[in-house]
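Below is one structure, written out as structure tokens; the observations come after it.
The values are calculated or read from the model by the stated rules, or taken from the named source; none is laboratory data. All values reported here derive from a predicted model rather than from experimental measurement. In this analysis, Cβ positions are derived from the backbone assuming ideal geometry, glycine residues included, and neighbour counts consider all displayed protein chains. Quick note on the areas: whole protein, heavy atoms, side chains included, nothing else; ligands and nucleic acids left out. Shrake-Rupley method; radii C 1.70, N 1.55, O 1.52, S 1.80 Å.
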Amino acid sequence: MKVFVDEECSLHRPPYEILSGKIVAYHETPDRLLQIRLALEGDGVFQIEDADRSIDVQRHALQVHSVDYIEYLESAFGLWVEEGGDPEGSLFPETFPNAKITQRFATANLAPRSLAGKTGYYCFDLSCPITADTYTSVLASARVSLSAARELSRSGESAFALSRPPGHHAGTSVAGGYCFFNNVAIAAKYLQQESECSTCCGIAILDIDYHHGNGTQEIFYSDSSVTYVSLHAELDYPYFTGSREERGDGPGEGFNHNFPLPFGTEDGAYCGELRKGVKVIKEFDPAYLIVSLGVDTFESDPIGAFKLTTACYAEIGCIIRGLSKPTLFVLEGGYDLDTIGKNVRTLLEGFITGAV
Ligand SMILES: [Zn+2]
């Protein structure tokens, strides 16, 4: 299996985040990519390939994200420094346009003058500080998923986008949960455009990250050409999305499927629900499958509360293989650096070989 990478994915390095009321080291680090790469290379099962730098990432990102959001991400740090921000520092939001205080601006097209204000408009939490190199990494991460998607459309061969920042929390015009561009959504739009029948090219997105992919859900909520299936922790981050009742809207009604699971979910229960999700995808019969691959479902993950073991990842890979679809795996979460490489490899090998 080809694995696509880009060294610019590692430039984004915010020093800290605020979690459970504490200032802690940023969990979403470049070391995640390094550990996975070390686990994948060396024995010929996986072929590491550089992403294509000639891909016009912004053009493809515009199929998913709004122009003003992309312009904001591109320019925010520079403008903030011009306003007096620390060139070595990180841009954080200072306020959020909570609906309870924004009636005044509802029709006035909220446009805060300062970047600290604008930042709160374009993100929904504190986990997406913007540093001098953030946008370069955001582009690189999407470039990796586009390069892997291109491999899929040209050869029909499944591929893995080994990239960060992750993407499934990023919506049309909002960052959050370490995510800026929604890499799987950008890849899905690309695959549809490249398809001979773009209007009938169905895509299924299977999100097996521990957290609900609120951004992916939002982007395709009214779209019947993309079915979204997510297994995630109920009542955990991002808290306000991911219920079974969220089933899509308008023409997209019935194409959004959430499988919330309780804290402490173990291998057997997880795979049982996964088989239900896979059944939904089988009935949809997509041209391509995209997997939002998070391993923060692991028992020792520092920010997850499921109890999956490494053996379970082989079974997950095997269950996904059963769909027999050209499959694009895109990295999302997973924060236990000691096991992230082994768990990702185990899942991909389960997919390749069908052995548990
Ligand atoms: Zn996650």
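On average, how much accessible surface per residue is there in the chain, in Å², for a 1.4 Å probe, leaving out ligands, DNA and RNA?
That works out to 42 Å² per residue.
Output the pairs from K100/K189; K189/K307; K282/K342; K118/K282 with a Cα-Cα distance over 32 Å in this structure; if there are none, say none.
Distance filter (> 32 Å) returns K100/K189; K189/K307; K118/K282.
Hey, in the GNM for the chain with a 10 angstrom Cα cutoff, which one of D236, D249, D43 fluctuates hardest?
Evaluated over the chain, the most mobile residue of the options is D43.
When the chain is fully extended, how far beyond the present Cα-Cα distance does V356 get from S155, taking 0.36 nm per residue of separation?
In short, 69.7 nm is gained.
Of the residues A305, A185, A175, which exhibits the maximal mean-square fluctuation in a Gaussian network model of the chain defined by a 10 Å Cα contact cut-off?
A305
Would you kindly state the longest site-free stretch of the chain, with sites defined as GluC sites (Glu not before Pro) in a DSSP loop (not H, G, I, E, B) surrounded by at most 10 other Cβ atoms within 10 Å?
By the stated rule (loop sites, at most 10 other Cβ atoms within 10 Å), 246-356.
Run the dipole for segment 116-178 about the Cα centre, Lys and Arg Cβ at +1, Asp and Glu Cβ at -1, nothing else charged, and hand back the magnitude in debye, nearest 20.
Around 120 debye, computed over segment 116-178.
Report the gain in length on full extension from E41 to S324: 0.36 nm times residue separation, minus Cα-Cα distance, nm rounded to one decimal.
Working it through step by step, the gained length comes to 99.4 nm.
How charged is the neighbourhood of V67? Take every other residue with its Cβ under 14 Å from the Cβ of V67, and add Lys/Arg as +1 and Asp/Glu as -1.
Combined, the nearby Lys, Arg, Asp and Glu give -2.
If each residue of separation counts as 0.36 nm, what is the full-extension length gain between A269 and E234 once their alpha-carbon separation is subtracted?
Here the answer is 11.2 nm.
How large is ³J(HN,Hα), in whole Hz, for each residue of segment 51-57 in order, when computed from phi with the Karplus curve 6.51 cos²θ - 1.76 cosθ + 1.60 and θ = phi - 60°, using x for Gly and Pro?
Values per residue, Gly and Pro as x: 5, 7, 5, 7, 5, 7, 4 Hz.
Over the chain, what is the mean sequence separation of C-alpha contacts under 8 Å (at least six apart), divided by residue count, expressed as relative contact order in percent?
About 18 percent, as a whole number.
Counting only chymotrypsin sites (Phe, Trp or Tyr not before Pro) that sit in a DSSP loop (anything but H, G, I, E, B) with at most 11 other Cβ atoms within 10 Å, what is the longest stretch of the chain containing none of them?
Answer from the scan: 1-238.
With a point put 7 Å past each Cα toward its Cβ, work out how far C200 is from D50 in nm, to one decimal.
In this crude spin-label approximation the distance works out to 4.1 nm.
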